There are 2 protein chains.
Amino acid sequence: MEKHEATTIEIEESSKERKGKAPLLAAAAAVDHARAGNRRGIAIFDLILRVSAATAALAATIIMGTTEQTLPFFTQFFQFQASYDDLPSFTFFVIAMSIATGYLVLSVPFSIVCIARPLLTAPKLLLIICDTLTVTLTTSAAASSAAIVYLAHNGNSDANWLAICQQFDSFCSRTSGAVVASFVAVALIIFMVVLSALGLRKH
Amino acid sequence: MEKHEATTIEIEESSKERKGKAPLLAAAAAVDHARAGNRRGIAIFDLILRVSAATAALAATIIMGTTEQTLPFFTQFFQFQASYDDLPSFTFFVIAMSIATGYLVLSVPFSIVCIARPLLTAPKLLLIICDTLTVTLTTSAAASSAAIVYLAHNGNSDANWLAICQQFDSFCSRTSGAVVASFVAVALIIFMVVLSALGLRKH
């Protein structure tokens, strides 16, 4: 009689335990599911931004890299010609923006991994660190070229540097376009970094 | 008799539960403690970097802001004088670097909060977003001034811009120093952002 009683109670106990644990596990799974969904949304938005930034960077590289203007008049000795590689800042711009384009294209698979496995932290951490370095590279290229474009447009009377945009109008408008495209790329990459930081935090 | 048996078993059950849970709770507390210590270390390193970056940015601002050179000879009409506000890029440099210095100094209390409460996420998230924006501001100032300093040193024969550093040697060396200091600040802030990203991840 004593033994039987004990057995009954044990069975009741374990069934109670099962009842108590089941909703807990279900709740944990639901929280995990919601967190995964949240992070997946951020990762999809990150992918869209990444592709847009790559497009903007590619456009900036192409516009600057193909800029060349030959003036229709020439002297006895040489013909007036302006190309992006006459100015070191523009050469740096083309190199830096092509590196940034390459990085952004190569990072797309990592961004897709973040969509497929939204709770993994390692690829996100890799992306946020590389993105920060790309922000710096892109910003420095954009800013140094902007300084030179400004000088080409306005000149500087104190340093006795003349504005060259009166002659090379097409050259100036193309380089200005490239600088604008690069600033668009910078804004998109900054937004990407901020979004990655939001996706990395623990909920 | 029946009731007494049940009571004994219940008491045994609950004491067993307590024994089972106690090590678990202790382990959780130990993990939390280790995580807090880890994050506190990162936060202290962040504070050191922040103060160093603020110092570098302040140095860059002061060096550039006090740069002025008057040449010892003058013509009938005017005296040759170079100051940082003759060149728009240098003016932008002074404004941007003073904003960055102000932000870095004002963000020190938030960094201290991160040391005191290492498991809080909100101040870290705020810092990483503002730091990213400051990286961009500082980099653009440094890069545009570097482009102009390069031009002042080397000139550009294609655009017919002469090097002005033969005359304004002290002006050129001071502005170069300011640009170097600003790049040091940029490197420190990038390191800060990467460190914040590491501190933000879930372990």
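Under the simplified labelling scheme, the B:Asn38-A:Asp32 pair shows an inter-label distance of 2.0 nm, with each label point 7 Å from Cα along Cα→Cβ.
Take the accessible area of chain A alone and of chain B alone, subtract that of the pair, and you get about 4000 Å² summed over both chains, using a 1.4 Å probe. For the stretch A:37-200, the share of accessible area belonging to carbon and sulfur comes to 71 percent (1.4 Å probe, ligands and nucleic acids excluded). The distance from the alpha carbon centre of the stretch A:114-162 to that of the stretch A:168-183 is 16 Å, rounded to a whole number. Distances between copies of B:Ile62, taken at a point 7 Å out from Cα along the Cα→Cβ vector and listed shortest first: 5.0 nm. When B:Asn154 is represented by a point 7 angstrom out along its Cα-to-C-beta vector, the spacings to that point in the other copies are 2.4 nm, nearest first.
Rounded to whole numbers, the Karplus 3J(HN,Hα) couplings from phi for the stretch A:155-167 are x, 8, 6, 5, 8, 6, 9, 8, 5, 9, 6, 5, 7 Hz, using 6.51 cos²θ - 1.76 cosθ + 1.60 with θ = phi - 60°, and x at Gly and Pro.
Between copies, A:Arg201 shows label-point distances of 1.9 nm, shortest first, with the point placed 7 angstrom from Cα along Cα to C-beta.
A simple spin-label model places the labels of A:Val180 and B:Ser170 4.4 nm from each other, with each point 7 Å out along Cα-to-Cβ.
The values are calculated or read from the model by the stated rules, or taken from the named source; none is laboratory data. Source: prediction; values computed, not measured. Every residue, glycine as well, gets a Cβ built from its backbone with ideal geometry; the counts of neighbours run over all protein chains shown. Quick note on the areas: whole protein, heavy atoms, side chains included, nothing else; ligands and nucleic acids left out. Shrake-Rupley method; radii C 1.70, N 1.55, O 1.52, S 1.80 Å.
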